[in-house]
Amino acid sequence: IVTYNSLVHGLCCGGHWREGISLLYKMIWKGIKPDLVTYSSLLHCLCHLDHWSEAYLVLEKMMNEGIRPNIVTCTSLIQALCTLGHWEEVRSLFNIMIEVGIVPTVRTFTTVIDAFCKEGMVSEAEDMFDKMKKANVEPDVFTYNAMMEGYCLQKRMDEAREVFDSMAERDCSANKPNIVSYSILIHGYCRAKRVDKALDLFHEMQDKGMIPEVIVYTTLIDGFCHIDNVERALAIFNKMQADGVNPD
RNA sequence: UAAGCCGCC
């Protein structure tokens, strides 16, 4: 079953969802009962590929087999509803889930927080963040990154910076800012035309031993271009290659 | 064996 599940997941996530579904039927044919993992991973991949009606059929089939969704299944469903912008359904699924005793994890909260932030619904994200703390679920670096991006997208750089600093102060090293945290904040400063601040962070991350990826360089190049400083943009472009990072 | 974070286009 683990082998089949890996195959189903690999096929679907690679875009070959029809083959993934055929494999599901092949499993049944061979007398191997697809389990919660089989259905959940299929569901997740179909949602990512925007094949909503197929995803619905898979969910229905799973329920017909008497397999109840768990927190992983629900988180995938919540993410799908977020992508569709069905916020009321996101809330109701979240509440129903809790009523039936499925406990949200840090990933569940972060999925919703991230979606709210990307949609500009920062106060809703803040409410969810509070809710998470009340539920005694510890935010992690993904959660902080999501909040930071929410503030950045609203050009609320001071608040984004506060999140970043609060993250840096934590002694749990797993929750220290990572490359993505820097990238998000650098992007925020670039959008706010504070490329100086962005450059400070770019140097700071390297001082901390992080190796910037192509995304960070691209963000800075784009930032300099937007303030019509093509020379600085070119300088970054050259530095990127000198640092051994290939343009994409 | 399944769920959450970043750029340009």
* Asked: Looking only at residues in region A:18-33 that are of a type in the set (Val, Ile, Thr) and in a helix (DSSP H, G or I), which one is farthest from A:THR83 (Cα to Cα)?
  -> A:ILE28
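Residues are listed down the side, and each one gets a yes or a no for (1) touching a Leu at 6+ places or on another chain (Cβ under 6 Å); (2) without any contact (Cβ under 8 Å) to a residue 24 or more places away in the chain:
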position	(1), (2)
A:ARG191	no, no
A:ARG194	no, no
A:THR219	no, no
A:CYS225	no, yes
A:ASP228	no, yes
A:GLU231	no, yes
A:ILE236	yes, yes
A:GLY244	no, yes
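When the residues of region A:79-109 are narrowed to those that are within 18 Å of A:CYS13 (Cα to Cα) and not hydroxyl-bearing (Ser, Thr, Tyr), which ends up surrounded by the most Cβ atoms within 10 Å (Cβ to Cβ)? Write out each step before concluding.
So in region A:79-109, the residues within 18 Å of A:CYS13 (Cα to Cα) come out as A:79-80, A:83.
Now restrict to residues that are not hydroxyl-bearing (Ser, Thr, Tyr): A:79-80.
Values: A:GLN79: 20, A:ALA80: 23.
So the residue we want is A:ALA80.
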* Is region A:113-134 home to any residue that is out of contact with any Leu (no Cβ under 6 Å at 6 or more places or on another chain), under 20 Å from A:ILE71 (Cα atoms) and among the polar types (S, T, N, Q)? -> no
* To do: Identify, by number, the condition in (1) touching a residue at least 12 places away in the same chain (Cβ under 8 Å); (2) over 26 Å from A:CYS82 (Cα atoms); (3) more than 8 Å from RNA strand B (Cβ to nearest atom); (4) not aromatic (Phe, Trp, Tyr) that A:LEU49 doesn't meet.
  => (2)
* Structure fact -> Residue pairs qualifying under the 7 Å Cβ cut-off, at least six apart or on distinct chains, with the first in region A:136-157 being within 17 Å of A:ALA168 (Cα to Cα) and charged (D, E, K, R) and the second being within 7 Å of RNA strand B (Cβ to nearest atom) and modelled with pLDDT of 95 or more, are A:GLU138/A:VAL106; A:ASP140/A:VAL106; A:GLU149/A:ILE184
* Asked: surrounded by 14 or more Cβ atoms within 10 Å (Cβ to Cβ) and under 24 Å from the mean Cα position of the chain (by Cα) - does that describe any residue in region A:194-201?
  -> yes
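Just name the residue that is surrounded by the fewest Cβ atoms within 10 Å (Cβ to Cβ) out of those in region A:34-78 that are β-branched (Val, Ile, Thr) and in a helix (DSSP H, G or I). Working first, answer last.
Residues of region A:34-78 β-branched (Val, Ile, Thr): A:37-38, A:58, A:67, A:71-73, A:75, A:78.
Remaining after also requiring in a helix (DSSP H, G or I): A:37-38, A:58, A:71-73, A:75, A:78.
Details: A:VAL37: 19, A:THR38: 24, A:VAL58: 27, A:ILE71: 15, A:VAL72: 18, A:THR73: 22, A:THR75: 24, A:ILE78: 24.
Across region A:34-78, the extreme among qualifying residues is A:ILE71.
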* To do: Go through (1) modelled with pLDDT of 95 or more; (2) more than 9 Å from RNA strand B (Cβ to nearest atom) and name the single condition A:ASN175 misses.
  => (1)
* To do: Would you check which residues across region A:79-113 are of a type in the set (Ser, Thr, Tyr), within 12 Å of RNA strand B (Cβ to nearest atom) and in a helix (DSSP H, G or I) and list them?
  => A:THR83, A:THR108, A:THR110, A:THR111
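The values are calculated or read from the model by the stated rules, or taken from the named source; none is laboratory data. Because the structure is predicted, anything quoted here is derived from the model rather than measured. Because the Cβ atoms are built from the backbone with ideal geometry, glycine has one as well, and the counts that use them run over all protein chains shown.
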